[in-house]
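Working notes for the structure below.
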Amino acid sequence: MLTTTLEIFVISIGAGVFGAILGLGGGLIIVPVLTLVFGEPMRTAVATSTVSIIATSTGAAVAFLQDHLSNTRVAMWLEMGTATGALSGALLAGYLDQRFLFILFGLLLAYSAYNMFRARRAEFPEEVVPDRLSLKLKLAGSYTDRLLGRRVDYQVTRTIPGLIIMYFSGIAAGLLGIGAGLFKVAAMDQVMKMPFKASTATSNFMIGVTAASGAVVYFARGDVKPLVTGPVVLGVLLGAVLGARLMVRLKSSTIRKFFLPIIIYTAIEMIYRGLK
């Protein structure tokens, strides 16, 4: 039992590092490891993953907020779309064909991956002109890039399209049981033209807010097992702190290269699930 707990703890550290750097949470690692390696039921794995996402967000937020990487104004704006989309997904769950939705969202992710591949060497978006709503909401931000040793000022554009994408990402998360982190990062990077580091850091902040509401339900159902969730949360929290410290010292182009295989794999997996 002690050996299993230690193994889960060590793996969770890696999941926390991965989640903090890419803004996706640790669920992509935690859920398959708990179910396939340690034989935990899916409900327990998902509940544990949801709680661990809060730990990832909390651990990374401290470092990201200190460096002003997380844009809380953008996060709060986009969370309105995600929350509304999740509610819509719950209401539409019995009426929509999930196979069609898997294909649709898979194709959208594939298109995002294509655009991200084209911009893989770019450190910052160029010549971004803010829209009127972005200026009104004061969504522009700045942060100090430790690697480059300079302050980065950036603008945010396509504010409404970004909110719309967040609405559909909420639907995808609710209907298909996938994390919305992939859509969040892609929307901020590709549509709203935020720097990639700011996109992943803001996504980290957002996924914690989203997961907090879901965690309440899992606790109420009794799906959260302390002996499993405890080492996962501690490991993910430690990994998230380490990942946040590492992320600020990486190039945006390097982080994007880590992110690309994940989004490509997810797109292929979703399309496959829709066609089979």
Revision key, fill the gap. Looking across segment 1-45 at residues that are surrounded by 13 or more Cβ atoms within 10 Å (Cβ to Cβ) and among the hydroxyl-bearing types (Ser, Thr, Tyr), the single one that is nearest to Lys197 (Cα to Cα) is Ser12
Study note, to complete from the structure: When segment 127-149 is checked residue by residue, the ones that are surrounded by fewer than 17 Cβ atoms within 10 Å (Cβ to Cβ), more than 22 Å from Pro161 (Cβ to Cβ) and touching a residue at least 24 places away in the same chain (Cβ under 8 Å) are Ser142, Thr144, Arg146, Leu147, Leu148
Exercise for review: Please indicate, with yes or no, whether at least one residue in segment 93-107 is under 15 Å from the mean Cα position of the chain (by Cα), assigned to a helix (DSSP H, G or I) and closer than 22 Å to Ala267 by Cβ.
Suggested key: no
Review point. Which one of Glu40, Glu79 is in a loop (DSSP other than H, G, I, E, B) and farther than 18 Å from Ala240 by Cα?
Key: Glu40
Review point. If you go through segment 134-154 one residue at a time, do you hit one that is in contact with a strand residue (DSSP E or B) (Cβ under 7 Å, 6 or more places away or on another chain) and part of a loop (DSSP other than H, G, I, E, B)?
Key: yes
Exercise for review: Sort through Phe117, Phe124, Phe64 and tell me the only one that's touching a residue at least 24 places away in the same chain (Cβ under 8 Å), assigned to a loop (DSSP other than H, G, I, E, B) and closer than 27 Å to Val248 by Cα.
Suggested key: Phe124
**Study point:** Hey, Leu260 modelled with pLDDT under 85 and either hydroxyl-bearing (Ser, Thr, Tyr) or in a helix (DSSP H, G or I) (or both) or not
**Key:** no
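The values are calculated or read from the model by the stated rules, or taken from the named source; none is laboratory data. Predicted model, so just to flag it, every value in this text is computed and none were measured. Glycine also receives a Cβ, built like all others from the backbone with ideal geometry; neighbour counts cover every protein chain displayed.
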